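See below for the structure under consideration.
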């Protein structure tokens with residue numbers, strides 16, 4: 001076909017650095033006498049997936065690279081091995097080409113198939129310095145974009161950036177030391193404040209004027225939200241305690257366990273070695289609204305009653321100073337109970353302020369329906385692609401394409417089935433949660 005011939009010629013000219021021939025092909029596209037694709041990919045085994053720009057960069061043809069970039073060649077396309085043109089230029093030590101690619105917004109942190117960014121494939125110190133500087137500039141641009149989104153209340157951009165693979169530092173700063181949370185707060189951007197807090201922004205961080213976000217808040221509506229998270233941030237240092245305790249079981253009686261109380265949660269294991277390895281955990285319990293009681297005549301015994309009215313019986317080892325040891329455990333349980341209860345209360349304040357009512361089965365069902373529709377569209381497109389490949393004259397090329405298309409179609413079906421299963425499980429979970437909520441409303445806590 002004529003177009004394929006022109007594009008294959010472009011690959012050859014880019015490899016050879018023949019600028020006059022490249023210019024002629026590009027002019028024919030401008031004059032609309034051809035529909036030349038400047039990002040056409042090579043099918044040759046030695047350069048599978050390479051574009052003309054990959055070839056020109058690898059072989060060091062500076063003028064050809066510039067012509068292709070001016071014609072709209074994509075500087076960030078990856079070949080079949082995941083390399084971008086910047087990888088090729090860095091690998092072959094083409095300093096001027098690396099600099100030119102960076103001027104055309106080539107990304108310096110794209111990972112190839114061997115988990116390497118362009119900086120990792122070169123030993124040239126000058127190129128490494130250029131690429132590191134480009135990384136810093138790219139990082140700062142992202143941070144400035146996040147700060148701007150927080151100021152302007154652009155919740156869509158802010159959410160997308162925080163959930164992206166290359167998320168910027170949530171505690172980045174502007175020229176006066178304000179973080180995104182500071183910026184959202186002094187501009188009164190409620191949804192951005194909530195999103196930043198839920199994503200881990202610290203309300204205790206201070207700017208250059210020694211102010212936290214709470215110091216900048218102007219609205220009475222926003223003050224309790226920030227105050228709740230600031231309390232949570234300050235009180236997060238509750239001390240972990242662990243050690244041997246005897247625990248009573250209904251069927252097995254008293255048995256020795258290695259018990260850990262950490263971040264408002266109680267866990268117990270058969271031995272210390274199991275706890276260190278994170279294996280054979282015998283049980284786990286939240287300490288929210290829990291409390292302990294003792295028997296005055298027994299210096300080893302104490303009882304823990306949890307929020308769901310379950311009771312756990314413990315004894316400290318009698319060989320130790322039982323009174324002091326039990327006191328240490330009782331103090332720890334009290335501190336972690338307060339911490340866990342406070343955490344739940346603070347989370348509720350944020351959720352109430354968010355006003356989204358949480359995720360329901362109805363929301364999940366709608367999401368699943370959208371996924372199902374997308375999957376059906378994908379199957380339709382794959383079916384069309386399959387028939388196109390079957391008519392492909394090059395049988396050697398058609399076979400692997402056919403296999404890959406079938407794998408894609410099968411995978412999309414499996415994904416949709418998995419989503420259906422998730423919905424069923426979450427539906428059951430919500431039913432249990434609703435029943436538990438009704439029961440919990442009847443409990444009286446000491």
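For the residues 134, 149, the requirement of being over 18 Å from residue 61 (Cα atoms), under 20 Å from the mean Cα position of the chain (by Cα) and either in contact (Cβ under 8 Å) with a residue 24 or more places away in the chain or buried (at least 17 other Cβ atoms within 10 Å of the Cβ) (or both) singles out 149.
Given the residues 106, 90, which is the only one that is free of Cβ contacts under 8 Å to residues at least 40 places away in the same chain, buried (at least 21 other Cβ atoms within 10 Å of the Cβ) and under 24 Å from residue 126 (Cα atoms)?
Working: 90 fails: free of Cβ contacts under 8 Å to residues at least 40 places away in the same chain.
Of 106, 90, the one residue that is free of Cβ contacts under 8 Å to residues at least 40 places away in the same chain, buried (at least 21 other Cβ atoms within 10 Å of the Cβ) and under 24 Å from residue 126 (Cα atoms) is 106.
Restricting the range 154-178 to residues that are over 20 Å from the mean Cα position of the chain (by Cα) and surrounded by 15 or more Cβ atoms within 10 Å (Cβ to Cβ) leaves a set whose member that is farthest from residue 117 (Cα to Cα) is 178.
The range 165-275 holds strands (runs of 3 or more DSSP E) entirely within its bounds, and those carrying 1 or more residues that are assigned by TED's automatic domain parsing to the domain that holds residue 298 and out of contact with any strand residue (DSSP E or B) (no Cβ under 7 Å at 6 or more places or on another chain) map to 253-262. If you filter the range 310-337 down to residues that are touching a helix residue (DSSP H, G or I) at 6+ places or on another chain (Cβ under 9 Å) and surrounded by 18 or more Cβ atoms within 10 Å (Cβ to Cβ), you find that the one that is farthest from residue 299 (Cα to Cα) is 314.
The values are calculated or read from the model by the stated rules, or taken from the named source; none is laboratory data. Worth saying up front: this structure is predicted, and the values here are computed from it rather than measured. Because the Cβ atoms are built from the backbone with ideal geometry, glycine has one as well, and the counts that use them run over all protein chains shown.
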